[in-house]
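Here is the structure we will look at, set down as structure tokens.
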Amino acid sequence: MAKKAPSDDLPERKKQAARVVRRLRADYPDAECALRFDSPLQLLVATILSAQCTDERVNLVTKVLFAKYPTAADLAGLPIAKLETLVKSTGFFRNKAKAIKACCTELVQKHDGQPPRDLETLVGLAGVGRKTASVVLGTAYGIPSGVVVDTHVGRLSRRLGLTDQTDAVRAERDLMEVLPKKQWIDFSHRMIHHGRAVCGARRAKCDACSMAGFCPRIGLEGR
């Protein structure tokens, strides 16, 4: 029998969010960003490269890229053709290379080569949207500026009844409304781990899920 979905009522969604947070914290206490980096700048570049690309592929590319060009000044000084070659396997490489070079140039000129610590300034940089900025602020600086909504977080949040929005910006607003601010950063990391390990896009392992008892399984066939 299908489980009842949480009400559209805000208090009910907050209760559901609290259940999800408790289970995620128990299941993935040490979850962290899958992208590898040694500095906020490197995380920023890796996140730009991660658009429409797997974290595993990005990590392979950045291992070589950052070994030779670890700083904003290094990357800003690279000829665009060379940078394109280095990031080609991540897809959309021309746009990504252009964004990285422009972003790093601006960082060198205006921010001493380091990503700034506020959302508005970060989003003003080339190639940096709200999601990328939130990743850098949360993961590199520990500043909760929003809830990072990637494909995993969006999919699981809808299945669990925390939002009905398919648009990432609108889904983020819903999540920010029901989650305590102190949970914003860890929530995204843990949801991504759960999406990869248990609640896949094509196949959800509901029998192995610790949230099966309260998950309404919204959008799943045969729920």
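The values are calculated or read from the model by the stated rules, or taken from the named source; none is laboratory data. Note that this is a predicted model, so its numbers are computed, not measured. Counting neighbours? That spans all protein chains shown, and the Cβs are built from the backbone with ideal geometry, glycine included.
Quick notes on this one:
- Selection within segment 182-217 - outside any helix (DSSP H, G or I), crowded, with 18+ Cβ neighbours inside 10 Å and touching a residue at least 40 places away in the same chain (Cβ under 8 Å): Cys199, Ala204, Met211, Cys215, Arg217
- The single condition among (1) surrounded by 19 or more Cβ atoms within 10 Å (Cβ to Cβ); (2) assigned to a helix (DSSP H, G or I); (3) not β-branched (Val, Ile, Thr) that Ser145 does not meet is (2).
- Enumeration of residues in segment 164-181 that are surrounded by fewer than 20 Cβ atoms within 10 Å (Cβ to Cβ) and not in a helix (DSSP H, G or I): Asp164, Gln165, Thr166, Asp167, Pro180
- Hey, Val108 among the hydrophobic types (A, V, I, L, M, F, W, C) and assigned to a loop (DSSP other than H, G, I, E, B) or not: no
- Condition check for Gly138: at pLDDT below 95 and either over 25 Å from His193 (Cβ atoms) or surrounded by 21 or more Cβ atoms within 10 Å (Cβ to Cβ) (or both): no
- First in segment 86-110 and free of Cβ contacts under 8 Å to residues at least 60 places away in the same chain, second anywhere and of a type in the set (D, E, K, R) and buried (at least 22 other Cβ atoms within 10 Å of the Cβ), Cβ under 8 Å, 6 or more apart: Val87/Lys96; Thr90/Lys96
- Between Arg117, Arg158, the distinction of being of a type in the set (Lys, Arg), surrounded by fewer than 20 Cβ atoms within 10 Å (Cβ to Cβ) and within 24 Å of Val178 (Cβ to Cβ) belongs to Arg158 only.
- Pairs with Cβ under 8 Å, 6+ apart, first in segment 114-142 and touching a residue at least 60 places away in the same chain (Cβ under 8 Å) and outside the structural domain of Leu75 (by TED's automatic domain parsing), second among the basic types (Lys, Arg) and not in a loop (DSSP other than H, G, I, E, B): Gly127/Lys96; Gly127/Lys98
- In segment 167-213, of all residues being β-branched (Val, Ile, Thr) and farther than 18 Å from Cys33 by Cα, the one that is modelled with the highest pLDDT corresponds to Val178.
- Helices (runs of 4 or more DSSP H) (entirely within segment 1-100) containing at least 2 residues that are of a type in the set (Asp, Glu) and surrounded by 13 or more Cβ atoms within 10 Å (Cβ to Cβ): 10-27
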